[in-house]
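What follows is one structure encoded as C-alpha cells, with my remarks underneath.
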C-alpha cells in the first residue's frame with residue numbers, strides 16, 4: 001500500500017484469538033481444562049491458516065473473507081462458552097472490533113518505527129508488548145465489573161444495536177482500503193498515514209462506544225431488576241402481615257374450641273360422640289402454630305408457609321434458632337425466608353411422588369456466623385449458570401428474581417449466598433456474620 005505494508009494476517013488472527021479469550025475466560029464455559037485448551041489452539045490454527053491463505057485474493061473478496069473470519073469467532077465463542085446464540089453473537093461483535101483496534105494500533109506503531117521491515121525480532125517484541133498492554137487493559141476494565149460473574153442474557157434489541165455499531169465501525173475504518181472512489185474515502189496515493197490514523201481512531205471509538213453500550217445495558221437491567229425485587233419484597237412483607245392475622249385468628253379459634261371440647265367431655269354422652277370429639281381435636285391441633293423459634297416474625301412466616309405445605313402435601317421440618325436473627329430487619333427476614341421457601345415449595349410442587357415432597361429449614365450458629373440452610377428434594381437435575389438455576393420458562397426477564405432478591409438482602413449484612421445441588425437434593429446456604437456482643 002504505497003510503501004506501507006498491510007497488517008500481516010497472522011497478527012490479525014492472533015488479535016482475534018486473544019479477543020475471544022478475553023470474553024471466554026471469565027465465563028462459566030461448556031468446555032474447560034484440556035478440552036478448552038485444545039479447542040482454543042485449534043481455533044487459532046484455523047484462523048491463522050484461513051487468513052494467511054486468503055491474503056492474496058482480490059480486494060473485493062476481502063470483506064467476505066472477514067465475514068467468514070468473524071463467523072469462526074462466533075462458532076468458537078458459542079461452542080466453548082456457556083452462553084446462548086444471542087449472547088455469543090453479542091460477544092463476537094465486541095471481540096471483533098477490539099481485535100481490529102489492537103491489530104491496527106500495533107501495526108501503525110510498527111510502521112512508524114520500521115516502515116521498511118515487516119518481520120524482525122524488534123517487531124515481534126513490539127507485537128507482544130502492545131497486545132499485552134492493550135488486552136491487559138481491556139481485561140482490567142471488563143473483568144473488574146461486578147456483572148462479569150453473571151450470565152449476559154442480552155435482549156434481541158441490545159444485540160442488534162451492538163451489531164449495527166460493529167458493522168458501522170468496520171465499514172468506516174476500512175472503507176479507504178477497498179480503493180473505492182467516493183466522497184467518504186481517501187485515495188491510497190499519498191494518504192497512507194491518514195488512512196492508518198482513521199482506521200485506528202475509528203476502531204478506538206468503536207471499542208469505547210461498545211463498552212459504553214455494554215455498561216448502559218447492564219445498568220438498565222439492574223434498575224429493572226431492582227424495581228422488580230422491591231415489588232417482591234413488598235409482596236413478601238404483605239404475605240407476612242396476612243399470615244400473622246390468619247395465624248392469630250386460628251390460635252384464638254383454637255383456644256375457644258379447646259374450651260368447647262372440654263365442656264362437651266364433662267357431659268354424659270355416648271362413645272360415638274367421644275370418637276367424634278377426638279377427631280375434631282386432632283384436626284384442630286394440626287392448625288396450631290407448631291414452630292417456636294424464639295422470633296415472633298419467623299414463627300409467623302413459618303406458620304404461614306406450613307399451611308401452604310400442608311395443602312400441597314409437602315413435609316416441612318424446621319430446626320430454627322430465631323434468636324440469632326434478632327439483628328435482621330423484619331422486611332429483610334420476610335425477603336430471605338419468604339423467597340427461599342417459595343422457591344422450595346415451587347420446586348416440590350413439580351415432584352410427582354407426594355411422599356418425596358420434603359423441605360428442611362435450619363438456622364444455627366456456626367462460629368461467628370448465622371447459618372441459614374434451606375434444603376429440598378428435586379427429582380430433576382438442577383442446572384446452574386453463574387449460581388443461578390437455568391429456566392425453562394418463557395419469561396426470562398423475571399426469572400430468578402427471588403434468589404437475586406435474597407442475594408441483594410444478604411449482601412446488606414456482608415453475608416454470602418450459595419446455591420448447590422448434590423444428587424437429588426438442592427441446598428440454599430446463607431451465611432450472615434453475627435454482630436459483636438455489646
Completion exercise
Taking the alpha-carbon centre of each part, the distance from the stretch 301-337 to the stretch 109-127 in Å is 68
Exercise for the section: Can you put 356, 305 in order of Cβ neighbours within 10 angstrom, beginning with the fewest? Expected result: 356, 305
Fill in the blank from the handout: Expressed in nanometres to one decimal, the distance between label points 7 Å along Cα→Cβ at residue 354 and residue 171 is 6.4
Fill in the blank from the handout: When 373, 94, 34 are ranked with the fewest other C-beta atoms within 10 Å first, the list becomes 34, 373, 94
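For 120, 173, 161, what's the fewest-to-most ordering of other Cβ within 10 Å of each Cβ?
Numbers: 120 12, 173 23, 161 17.
Exposure proxy ranking, most exposed first: 120, 161, 173.
Between residue 31 and residue 141, what's the calculated FRET efficiency when r is the beta-carbon distance and R0 is 30 Å? Round to 0.05.
On the way: r = 25 Å, r/R0 = 0.84.
Once the sixth-power term is evaluated, E becomes 0.75.
Multiply the residue gap between residue 223 and residue 194 by 0.36 nm, knock off their C-alpha separation, and tell me the result in nm, one decimal place. Don't skip to the end; give the middle numbers.
Numbers: separation 29, 0.36 × 29 = 10.44 nm, distance 4.29 nm.
Here the segment from residue 223 to residue 194 would lengthen by 6.1 nm.
How big is the shadow of the Cα convex hull of the stretch 2-73, averaged over all directions, in nm²? Show your work: numbers first, answer last.
Numbers: hull surface 21.8 nm².
Mean projected area of the Cα convex hull: 5.5 nm².
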Handout entry: Theoretical gain in end-to-end length, residue 327 to residue 424 [0.36 nm per residue, Cα-Cα removed]
Key = 31.5 nm
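No value in this document is a laboratory result; all are computed from the given coordinates. In this text the structure is predicted, and so the values were computed from the model without any measurement. Cβ atoms come from the backbone with ideal geometry, glycine included; neighbour counts cover every protein chain shown.
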